[in-house]
1. Given a Förster radius of 30 Å and the C-beta distance between ASN192 and LEU218 as r, what FRET efficiency does 1/(1 + (r/R0)^6) yield to the nearest 0.05?
2. Report, in deg cm²/dmol and to the nearest 500, the calculated mean residue ellipticity at 222 nm for the chain, where each DSSP H run with n ≥ 4 adds -39500 (n - 2.57) and the sum is divided by the residue count.
3. Mind ranking HIS176, HIS76 by accessible surface for me, highest first, 1.4 Å probe?
4. Put a dot 7 Å past each Cα toward the Cβ at GLU210 and GLU52; how far apart are the dots in nm?
5. Can you list the aspartates and glutamates whose alpha carbon sits under 18 Å from that of LYS191, skipping same-chain ones fewer than 8 residues off?
6. For ASP101 and LYS147, what does the FRET efficiency come to when R0 = 51 Å and r is the distance between their Cβ atoms, rounded to the nearest 0.05?
7. Subtracting the Cα-Cα distance from 0.36 nm times the residue separation, let me have the gained length for SER173 to ASN250 in nm, one decimal.
8. Rounded to the nearest 5, what is the percent of antiparallel bridges among the DSSP beta bridges in the chain?
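The values are calculated or read from the model by the stated rules, or taken from the named source; none is laboratory data. Since the model is a prediction, treat every value here as computed from it, not as a measurement. Cβ coordinates were reconstructed from backbone atoms using ideal geometry, including for glycine residues, and neighbour counts include every protein chain displayed. Keep in mind that these areas ignore ligands, DNA and RNA; they rest on the heavy atoms of the full protein, side chains included. Shrake-Rupley method; radii C 1.70, N 1.55, O 1.52, S 1.80 Å.
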Amino acid sequence: MAVIVNPKETDAVCFALVGKELITKKNGDMLTFQDMLYLKGLCSECDFFEEESFHYCTLEFKGELSADYQTMTIRHFFAEHDSELNLKLARARSLLAWRRDYKYCSFCGTPLVDHAVQTARECPQCKKIHFPRIEPCIIVLVNKGDKILLVKHIQRNQDVYACIAGFIEVGESAEHAVQREIEEEVGIQVKNIQYKGTQSWPFPDAFTAEYAGGEFRLQPDEIADAQWFSRDDCPATPPEGSIAYRLIHNLF
Ligand SMILES: [Zn+2]
């Protein structure tokens, strides 16, 4: 189903995004369509669209927020809402980013236009259709007896110990990516890789694996620390609502 640019009055769920944050009313309530029109009026260049089939509308806000509104992190929102609402927000966020980053035809350089029927963009010159890209990744919890492997990253989420994760590279299966990421980030080998589930954003396939051998050899510029922890004696870890939380707390 195509996006509707500049939607008319709708009762769809409303998401206004600014960077990695979601705008809510000052009291934490979600925005109404009237709020969306108000915010749209503050940033005339911002992308604003509705997907009727997913029953949400969204805009990428770029203006100055008034005191009637506040922001919360998307991660925080995910932790507090059900998977159906989270799917809508994940879709809104990914489509906004894709529409922002893919404005020109990669075959002939012509500016793209929204496709009339599909959630895609079309080149008016060479007629090539461009679909939103997804970026599959893996996340894995490694077990060694009754201990689990958690790592602290250098670049991101430095406040928590988390699972090993990374993007699936061209030509790899998800299981290949699990083995490669573990080898690259901490230098150990694993066996018995088992698929556990997935999450709509940022689209990780979650796995567990068993330690098979090797000593820690941390990836420079990526991993600050790696340790085996007991589940009942973990440091600060990713919050409820994340797929890492479900892996660490054995909720699959
Ligand atoms: Zn083209």
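1. According to the calculation, E is roughly 0.80.
2. Value at 222 nm, helices only, nearest 500: -6500 deg cm²/dmol.
3. Working: HIS176 105, HIS76 85 Å².
Highest to lowest solvent-accessible surface, that is HIS176, HIS76.
4. 5.4
5. ASP146, GLU172, GLU175, GLU181, GLU183, ASP205, GLU210, GLU215
6. 0.80
7. Working: separation 77, 0.36 × 77 = 27.72 nm, distance 2.40 nm.
Difference between extended and current length: 25.3 nm.
8. On the way: 40 of 52 bridges.
In the chain, approximately 75 percent of DSSP beta bridges are antiparallel ones.
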